[in-house]
Amino acid sequence: MNPIIQPPKPRTNANKRELLFTFQSIIVTGLLAFTAIAFFLHFNLRIEKGIKVIFAPFLSVVPLLFVLSILRDLRQGFKEGNYGKNEIIKFCLITIGITIAFTCVTFLLTKIDALEILLAAIMAILSIVFFLRSKIKDILGMSIITGIAEGIIVYMIFLF
Amino acid sequence: MQLKKLNTAFIITIGVSVIVFVYLVFLGYDEIKTLKDVIKIIASILFPIPLLFFVRFILIEHFLPENTDAYKLQHQKPATILLVVTIIIGVVSMQGVEWVTGQKLEDHLIFAHLINSTTISSYVLNYILYNNLRVNGILSGVLLSLAIHVFFLTA
């Protein structure tokens, strides 16, 4: 009826998967920003060494840009059809493993009591997410990103 | 087969969310006091969303139902009726409970918070997995009645 509401073209499953992947990475980015703000406010972190705070993000951003520029695409792309049972079990296990790992990583982040190191650590995780987003567009990337998000949330609910 | 898997995923995610909320209640959330509580609440609301995206990502085939104009036209009326009925039932039951027990909802904010976050989680679930318009009506009704109760009907 209404041409504005209708989608511009029929979407394939690979396109849908790509969209979900993008959403998931946006959620993770938001969660990391939220984590950073929460820790800053909760622990009353002070800017003690201003120069270090400015340079902290470069530690991870510069290698990321370098790797992104020289590495060829690792992606196998998104599948059009369904995933098999073995694949689903395998990637669910990977997701659970990364969830546990990132619960520990978030725990370690709370142990950091210097603003510049915390900033650098969060930027490093963010760089990993962007690397996965741009180079490994695959179900493996999706499991890792989901694991990171769930790990942060699980820590925030149960252990923080 | 895919429908069955989706149902299983739905039930598991609901179950995990319920566990999280029960945990929060037993933690003693009589009031929201510090920044920490706010963070936990936000995290608990966000909890099911990445899981859902992952499930949707894996089980993309035969995603249901198709959100077509015909489907919408067919379900507009029942969904609207359900919305109105749920709002009335929600407001009346909350007033009734307050009147019977003689206590205010504001004194037990955890219940309001519990209803709120459970409904929001189910809302997201429904939106991503099912897109069922009738369920949408009921959930919207619960949220609206809670909002009406808190904003307008309490002195």
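Looking at A:LYS90, is it modelled with pLDDT under 85 and surrounded by fewer than 16 Cβ atoms within 10 Å (Cβ to Cβ)?
Values: modelled with pLDDT under 85: no; surrounded by fewer than 16 Cβ atoms within 10 Å (Cβ to Cβ): yes.
Considered against the rule, which asks whether it is modelled with pLDDT under 85 and surrounded by fewer than 16 Cβ atoms within 10 Å (Cβ to Cβ), A:LYS90 comes out as no.
Residue-wise test of (1) open to solvent by 30 Å² or more (accessible area, probe 1.4 Å); (2) within 12 Å of chain B (Cβ to nearest Cβ); (3) of a type in the set (Gly, Ala, Ser).
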position	(1), (2), (3)
A:LEU119	yes, no, no
A:PHE131	yes, no, no
A:GLY141	no, yes, yes
A:ILE145	no, yes, no
A:ALA149	no, yes, yes
A:ILE152	no, yes, no
A:MET156	no, yes, no
**OP:** Within the stretch B:41-61, track down each residue that is more than 20 Å from the chain's Cα centre (by Cα) and more than 7 Å from chain A (Cβ to nearest Cβ).
**Re:** B:LEU59
Original post:
Restricting the search to the stretch A:93-117, which residues are more than 17 Å from A:ALA36 (Cα to Cα) and either surrounded by fewer than 16 Cβ atoms within 10 Å (Cβ to Cβ) or more than 14 Å from every other protein chain (Cβ to nearest Cβ) (or both)?
Top reply: A:LEU93, A:ILE96, A:GLY97, A:ILE100, A:ALA101
Subject >> Qualifying positions in the stretch A:26-39 - more than 10 Å from chain B (Cβ to nearest Cβ) and either open to solvent by less than 60 Å² (accessible area, probe 1.4 Å) or among the hydroxyl-bearing types (Ser, Thr, Tyr) (or both) >> reply: A:THR29, A:LEU32, A:ALA33, A:ALA36
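Taking B:LEU73, is it over 20 Å from the mean Cα position of the chain (by Cα), modelled with pLDDT under 75 and within 10 Å of chain A (Cβ to nearest Cβ)?
no
The values are calculated or read from the model by the stated rules, or taken from the named source; none is laboratory data. Bear in mind that the values here come from a model prediction, so they are computed numbers and not experimental data. Counting neighbours? That spans all protein chains shown, and the Cβs are built from the backbone with ideal geometry, glycine included. Only protein heavy atoms, including side chains, enter the accessible area calculation; ligands, DNA and RNA are left aside. Shrake-Rupley method; radii C 1.70, N 1.55, O 1.52, S 1.80 Å.
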